[in-house]
Every structure is written in structure tokens, then in C-alpha cells.
Amino acid sequence: MTAKPKFAMYWAASCGGCEIAVLNTHEKILDVDANFEVVFWPVAMDAKYKDVEAMEDGSILLTLWNGGIRNNENAEMAHLLRRKSQILVAFGSCACEGCIPGLANLSPLNEIFETAYHTVSTENPQNIHPQVSYPAPEGTLTLPTMNPVLKTLAQVVDVDYFMPGCPPESHQIAAVIDLVIQVVQGKAELPPKGSVIGCGDSTVCDECPRTRNVKAITAFKRIQDVAPLDPELCVLEQGVPCNGPATRSGCNARCPRAGAQCIGCYGPADDVIDYGARLITAFASVVDAREPAEIEAILDGIPDPTGQFYRFNLADSLLRAGKGAAMSRPNAITSGGKP
């Protein structure tokens, strides 16, 4: 009996939504079990790093990696699973772009820890901070060391394919599972290395059923300040910042269909070098003003420019990080939360 090809999935710096999205494929998850031997999936099975280390290099056919690289443990696992895997997929926005955790790249490590352990949302009367190591009676306990900035998977190791989404849509995951199974069975071929899979090849605007007319925006507003939204008209044309013009299709425009603006979780569309720059250009092009000062005043109506233009993409953008974070030292947080 021929052995099944091996499958692995790993969760790094992310929220875990990608894991749930895989389970949301419902019966399709049974196809994974039927066609693959699941050898490493810590969230779903008892698996140890040493088990992966003992495997032959290249013995895992497919690894789905979700999450960015935030600490030295993430980086070590990325290198390990790269060696053991024939196909490594950056799965979800955190792995592809850095996503929400990547916004921490705007702040140095000491500020991140200061906020976490010394603000009103934290009860910490004993001033306890995480430390890299601690001499316990059972032996020295260790915690991963935070890196100065979060990196995407491709900034650390070679990646074969990219599957965007926060999380990827379940129907897209199912389609990719079907493709891989067909490849294993010799009925299909993989796309070229480096391809973005499980998504469309256009923009969210092209999937959106809302009517687009001549755009003439005189002010940008928060969606809660526009009541009610016209259910038929383009969200952006109603003055609500919508990232559809620069965002890759594949989600079936779920947010605009539901009366909310696209926030960009499927990442940049094809040929977009910098997601934020493309959005700034798109927004500026639809502003109904001619004088620079007037245009600037309208664009200033966007309440959170960083969150609007780089919510999911900062770590993978041309900016990547703020100066303070970029100049942080890897071992800055070792004792007392102070560098």
C-alpha cells in the first residue's frame, strides 16, 4: 500500500483564524485526512518539534504556514519546516503581509511591553515582566525572544506559494485542497512557483455589485457617521474610505455586499508595488477639488491613515517599520521590560 503524502500546518504570530477557516471547509477536511498523513498540526494534534526535526528533509509534501515571524521561535520553525517541506505555502494575511500584528512595527519593543504591562487595561501591581529565562526548581524555563520587528514568512525563508485572506475564504481553501489532491493523483499540475493562489486576479471593485458613477468626493467620513448607507451605490462614492480599488479579489466582495467598506484583507492586487501608495493615489484621484490645500484638507478627513492604508500590509510594504522599531535590539526585552 502506497504511503500517503505528508501534510503539516503551523501557527506563528497570528490570531488563529486561519486554523478555524480550514475547519470551516466542513466535509472537505475529510478529503485532507483521506489523501494526506497529517504529521504536524499543533493546534489539532499532539505534536512535538523534535518529531519534525527527526523527519527527513523534504519528507513533508505540503505545509500551510499561518502567521508572521515575531520571535526567534517563529524564525527557527520557519527554517525547520522549510527544510522538511517540498511545498511551503504562506497561508493567510499574517504570513503573506504581516497583517494586524505587523502594525506593532511602528513602535520599539520597550514601548510595546510598556503598553502591555503598565497601562490601565493591565492589572500588574507587582510589576512582573516576561523574561527570556527563569531558573525554576525543575530547571531553566525559557520564553522566545521578541524580534525588533515582525517579518513576513517570505522575508525569512523561501516560499513556494502565497494564499491571502484574513482568513482565506473557506471556498478558496477547498479549491486549493482539491487542486493539491489532483496534483498528488497526477491529474493536474501546480501553478508556477511564487504564484498567489486561492484568490482572484482582479480587484474587489470588480466583484462588487454596487453601482459606480462619476466619483466626486468632498469629504471622507467614518461609516457610522453616514446613516444610512445607500445600499446600491459604491461605498467609496458615499465618502466612506473603501480599499476595494487596490485589494485583490477572491472574497466575493463580502464587506461591500454587507454594507461595510473593504478594509483590504486579501492584500494588494496584481502589479501593486506598495498597497498604501496605490490606495493614496486612488483616493486622491476621486477627490472633488483642484487646489492642493483643499485636497489635503479632504484627505485629512481620513481618521487613521496608517490603519486605512497599511492595516494588513505594513510589514510587507516599502515602509515595513517605524524608525524606533527598526533600530531596536533583538534582546531588548530581557529583564524588567527595559532595554
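Residues of segment 203-221 that are part of a strand (DSSP E or B) and either over 15 Å from V287 (Cβ atoms) or modelled with pLDDT of 90 or more (or both): T203, T211. The condition of being small (G, A, S), touching a residue at least 60 places away in the same chain (Cβ under 8 Å) and farther than 21 Å from L103 by Cβ holds for only one of A284, A289, A253, A258, that being A289. Within segment 186-198, being on the phi < 0 side of the Ramachandran plot and touching a residue at least 12 places away in the same chain (Cβ under 8 Å) holds for L190, P191, K193, S195, V196, I197.
For segment 43-152, which fully contained helices (runs of 4 or more DSSP H) count at least 1 residues that are farther than 30 Å from G194 by Cβ, in contact with a helix residue (DSSP H, G or I) (Cβ under 8 Å, 6 or more places away or on another chain) and of a type in the set (D, E)? The qualifying helices (runs of 4 or more DSSP H) are 109-118.
For L30, indicate whether it is assigned by TED's automatic domain parsing to the domain that holds M163, over 23 Å from C199 (Cβ atoms) and without any contact (Cβ under 8 Å) to a residue 12 or more places away in the chain. Yes: the conditions hold for L30. Scanning segment 102-121 for residues that are surrounded by fewer than 15 Cβ atoms within 10 Å (Cβ to Cβ) and over 16 Å from R70 (Cβ atoms) yields H118, T119, V120, S121.
Among the residues of segment 292-312, those that are closer than 23 Å to N105 by Cα and either basic (K, R) or touching a residue at least 12 places away in the same chain (Cβ under 8 Å) (or both) comprise I302, P303, T306, G307, Q308, F309, Y310, R311, F312. Testing A44 on (1) touching a residue at least 24 places away in the same chain (Cβ under 8 Å); (2) within 22 Å of L314 (Cα to Cα), one condition comes back false. Which one is that? Answer for A44: the failing condition is (2). Inspect segment 183-202 for any residue being part of a helix (DSSP H, G or I), out of contact with any strand residue (DSSP E or B) (no Cβ under 8 Å at 6 or more places or on another chain) and either of a type in the set (V, I, T) or outside the structural domain of G250 (by TED's automatic domain parsing) (or both) and give the result as yes or no. Scanning segment 183-202 turns up at least one residue that is part of a helix (DSSP H, G or I), out of contact with any strand residue (DSSP E or B) (no Cβ under 8 Å at 6 or more places or on another chain) and either of a type in the set (V, I, T) or outside the structural domain of G250 (by TED's automatic domain parsing) (or both). Exactly one residue out of C99, C94 is surrounded by 24 or more Cβ atoms within 10 Å (Cβ to Cβ) and in contact with a Phe, Trp or Tyr (Cβ under 8 Å, 6 or more places away or on another chain), and it is C99. Every listed requirement among (1) in contact with a Phe, Trp or Tyr (Cβ under 7 Å, 6 or more places away or on another chain); (2) exposed (fewer than 14 other Cβ atoms within 10 Å of the Cβ) is met by P292 save one, (1).
The values are calculated or read from the model by the stated rules, or taken from the named source; none is laboratory data. All of these numbers come straight from a predicted model, not from anything done at the bench. As a convention, Cβ positions derive from the backbone with ideal geometry for all residues, glycine included, and neighbour counts pool all protein chains shown.
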